[in-house]
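Only the coordinates and a few stated rules stand behind these numbers; no lab work does. What you see is a predicted model, and the numbers here were worked out from it, not measured in a lab. Positions of Cβ are generated from backbone atoms using ideal geometry, with glycine treated the same way; all protein chains shown enter the neighbour counts.
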Amino acid sequence: MKVNSPGASPGSNSRFPWDNFDPKKYQENNYKELRADDARILGHGVDWFSQVALWRYSGGKGRFSHGIDVGPGSNLYPTLSMLGYCRKITLFEYGAANVQYLRGEIEHLSDSWKPFWDVVSPSVGHRDFEWARRTLRKRATVVQGNLFSDLPKGEFDVGTMHFVAESLTEKPQEVRYGVRNFTRSLVPGSPFVMANVEGSKGYLVGDQWFPAAPVTATDVEWMLDLLALEKRVEHIDIDGPSIHLNAEGKPEVDYTGYVVSMGLSY
Ligand SMILES: C[S@@+](CC[C@H](N)C(=O)[O-])C[C@H]1O[C@@H](n2cnc3c(N)ncnc32)[C@H](O)[C@@H]1O
């Protein structure tokens, strides 16, 4: 019995052209500037990681040895939120164009990420953006893989996965497998931050449609009941123009907000 693989029926992850996901268009639409809602999600993540890092340091342990961001697409902020605390970070991405884009960003992080770094920096000794750029180059690696079949188990000791599990399929079961595989890739007791789009049924990147399965904060809470030792799940309101564009390229509010979760893997 294959329990990790998505199906092949319409709406499944495997039915969408992830290699055609356009990282530049996605970045322009979502991360050209720091939105207030993303600042809130990023701030929660940074606070959680710095709290757990403090517990580690006070318990005589050093930095996390290996972080993972699952499905970064063209979003570098989850990686930046872990950068100060990790010896190395794997950016685990499926889409070929995204992999290419991420390798370029690791080589030279674009200036547009500076406002995001400014949210992180106070918790890591006010290191400046040049430090982030240099350290990302040293510590980060991009690995191309499929989270349904290629994620190792119990390998990483800190992790992020933003807008991935619910935004790669129409199937609720694949959402659950995605969240399970993410938390299971972490050593038990590791801190993670996950973000989800709430109530989305799919989205356009340029003129390419990608799937989503609508989730609520309660759905996420129930999934994490089984997968996390400790957790906090919070709804975040949309604060800014919708990140979803219609066929004419106009923002369209066809989702209800975001969910951010902070926890420790089971
Ligand atoms: C909506 S984007 C989210 C990107 C980014 N994490 C963010 O915060 O905006 C969904 C991402 O999931 C990735 N993805 C889709 N199917 C995947 C799979 N089977 N394994 C790993 N990543 C996948 C896509 O390539 C894309 O980068």
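Return the loop-located trypsin sites (Lys or Arg not before Pro) in segment 72-174 (DSSP other than H, G, I, E, B) with at most 11 other Cβ atoms within 10 Å of their own Cβ; answer none if there are none.
Answer by residue number: Lys153.
Just how far, in whole angstrom, is segment 64-87 from segment 193-241 if you go by their alpha carbon centroids?
About 19 Å separates the Cα centre of segment 193-241 from the one of segment 64-87.
Two-decimal Rg/Rh of segment 135-254 from alpha-carbon positions, Kirkwood Rh?
0.99
Using the crude model of +1 on Lys and Arg Cβ and -1 on Asp and Glu Cβ, and no other charge, please compute the dipole size for segment 13-265 relative to its Cα centre, in debye to 20.
Around 1120 debye, computed over segment 13-265.
Hey, what number do you get for the chain at 222 nm if only DSSP H runs of n ≥ 4 count, each worth -39500 (n - 2.57), divided across all residues, to the nearest 500?
Working: 8 runs with 93 residues, N = 266.
It comes out at -11000 deg cm²/dmol, rounded to the nearest 500.
Which trypsin sites (Lys or Arg not before Pro) does segment 199-266 hold that lie in a coil by DSSP with at most 13 other beta carbons within 10 Å?
Counting only loop positions with at most 13 other Cβ atoms within 10 Å, the trypsin sites (Lys or Arg not before Pro) in segment 199-266 are Lys201.
Report, by chain and number, residues whose modeled amide H sits under 5 Å from the one on Ser265, excluding near sequence neighbours (fewer than 5 apart, same chain).
The answer is Gly189, Ser190, Phe192, Leu229.
By count of other Cβ within 10 Å, fewest leading, how are Val187, Val70, Val119 ordered?
With the fewest neighbours first, Val187, Val70, Val119 line up as Val187, Val119, Val70.
Please report, in debye to the nearest 20, how large the charge dipole of segment 108-247 is about its Cα centre when each Lys and Arg carries +1 at its beta carbon and each Asp and Glu carries -1 there.
Here the size comes out at about 600 debye.
Would you kindly calculate the translational diffusion coefficient of segment 13-265, applying Stokes-Einstein with the Kirkwood radius from alpha carbon pairs, for 37 °C and a viscosity of 0.692 mPa s, and quote it in µm² s⁻¹ without decimals?
Once the numbers are plugged in, D ends up at 183 µm²/s.
Write down, largest first, the equivalent ellipsoid semi-axes of segment 136-178 in whole Å, where each equals the square root of 5 times an eigenvalue of the alpha-carbon gyration tensor.
Equivalent-ellipsoid dimensions as semi-axes: 23, 12, 10 Å.
Report, ordered by chain and residue number, the lysines lying within cross-link reach of Lys24, taken as a straight Cα distance under 29 Å and ignoring same-chain residues fewer than 8 apart.
Answer for Lys24, where 29 Å is the Cα cut-off: Lys32, Lys88, Lys114, Lys138, Lys171, Lys201, Lys250, listed by chain and number.
Can you tell me which aspartates and glutamates have their Cα less than 14 Å from the Cα of Lys61? Leave out same-chain residues fewer than eight positions away.
Partners found: Asp157.
Once you keep just the Cα pairs under 8 angstrom separated by 6 or more residues, what percentage relative contact order results for the chain? Mind dumping the intermediate values first?
On the way: 536 pairs, mean separation 55.4, N = 266.
Contact order relative to length: 21 percent.
Using each residue's phi in segment 197-212, evaluate 6.51 cos²θ - 1.76 cosθ + 1.60 at θ = phi - 60° and report the 3J(HN,Hα) Karplus result to the nearest Hz, with x for Gly and Pro.
7, 9, x, 8, 10, x, 7, 9, 10, x, 9, 9, 7, 10, x, 8
Please report, to one decimal in angstroms, the Kirkwood hydrodynamic radius of segment 88-204 built from all distinct Cα-Cα pairs.
Working: mean 1/r = 0.0633 Å⁻¹.
Hydrodynamic radius (Kirkwood, Cα only) of segment 88-204 equals 15.8 Å.
Can you give the local net charge around Thr218? Use residues other than it whose beta-carbon is closer than 15 angstrom to its beta-carbon, Lys and Arg +1, Asp and Glu -1. Walk me through the intermediate numbers first.
Numbers: positive: Arg176, Lys231, Arg232; negative: Glu166, Glu198, Asp219, Glu221, Asp225, Glu234.
Taking every Cβ under 15 Å from that of Thr218, the sum is -3.
Ignoring GluC sites (Glu not before Pro) that are buried or in helix or strand per DSSP, and keeping those with at most 11 other beta carbon atoms within 10 Å, what is the longest stretch of the chain between them?
That would be 34-247.
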